[in-house]
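Below: one structure, written as structure tokens.
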Amino acid sequence: MEQNDAIRSKDDVYSKDFTPKKIDKDSSEYGRPKPGTLTEQRAKKAAAHVHREMLTLCEVVEDYGKRENEDGPIRITFGRLFTIYVNISDKVVGTLLRARKHKMVDFEGEMLFQKRDDHVVITLLLAGSELKEAIRAHAAANPKD
């Protein structure tokens with residue numbers, strides 16, 4: 001029992017025996033919670049929520065956007081998307097930035113601002129069967145979402 005207490009006290013940041021573990025910035029552990037902790041569970045839940053928001057954004061672009069020609073990608077202006085999506089979530093810009101990072105959408109510029117960038121065109125990169133498959137995969141992996 002004393003050995004378990006000693007191990008726990010070395011992991012407890014409030015213990016006098018605590019010594020921080022040195023982690024290399026290139027390590028896969030760097031910036032990640034310890035496996036099996038509540039923090040890890042919360043991080044996974046948050047990541048699933050963000051992923052669902054990105055998929056919802058893509059669905060909105062697919063439903064309300066237009067194609068310039070039959071084979072072209074679906075596009076929508078930021079102003080129109082903002083007007084529609086703000087009723088779903090107030091995190092329009094953050095979700096767009098994250099979706100662009102994951103190659104779901106694309107647009108010009110680093111940041112979008114309401115009114116100033118209403119004319120900026122957002123192009124849906126993940127559409128049709130790809131989008132539906134991503135939604136199915138997300139639902140299967142996160143049944144409580």
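The values are calculated or read from the model by the stated rules, or taken from the named source; none is laboratory data. Note that this is a predicted model, so its numbers are computed, not measured. Neighbour counts are summed over all protein chains in view; Cβ atoms, including those assigned to glycine, are modelled from backbone coordinates with ideal geometry. For accessibility, only protein heavy atoms count, side chains too; no ligands or nucleic acids. Shrake-Rupley method; radii C 1.70, N 1.55, O 1.52, S 1.80 Å.
Summary of computed values
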| item | result |
| --- | --- |
| Carbon plus sulfur fraction of accessible area for the range 1-124, probe 1.4 Å, in percent | 51 percent |
| Calculated from backbone phi, Karplus (6.51, -1.76, 1.60) coupling profile of the range 90-95 in Hz, x at Gly/Pro | 8, 9, 4, 5, x, 5 |
| Listed values [x] 15.4; [y] 13.1; [z] 14.7, entry calculated as mean projected area of the Cα convex hull in nm² | [y] |
| List His102, His119, ordered by accessible area with a 1.4 Å probe, largest first | His119, His102 |
| Total charge dipole magnitude, the chain, about the Cα centre, Cβ charges on Lys, Arg, Asp, Glu only, Debye to nearest 20 | 320 debye |
| Positive-end residue of Leu55, Val92, Thr37, charge dipole of the range 1-111 with Cβ unit charges | Thr37 |
| Calculated from backbone phi, Karplus (6.51, -1.76, 1.60) coupling profile of the range 120-137 in Hz, x at Gly/Pro | 5, 8, 9, 10, 7, 9, 10, 9, x, 5, 4, 5, 4, 5, 5, 5, 4, 4 |
| Thr77 accessible area, 1.4 Å probe, all protein chains in place, Å² to nearest 10 | 50 Å² |
| The chain - mean residue ellipticity at 222 nm from DSSP helices (-39,500 (n - 2.57) per run, n ≥ 4, rounded to 500) | -15000 deg cm²/dmol |
| Interchain or long-range residues, amide H under 5 Å from Val120's placed H | Phe78, Gly79 |
| Nonlocal amide H pairs with Leu125, under 5 Å, H built at 1.01 Å | Val105, Asp106 |
| Distance violations [Cα-Cα > 27 Å] among Lys66/Lys91; Lys34/Lys91; Lys22/Lys103; Lys44/Lys115 | Lys34/Lys91; Lys22/Lys103; Lys44/Lys115 |
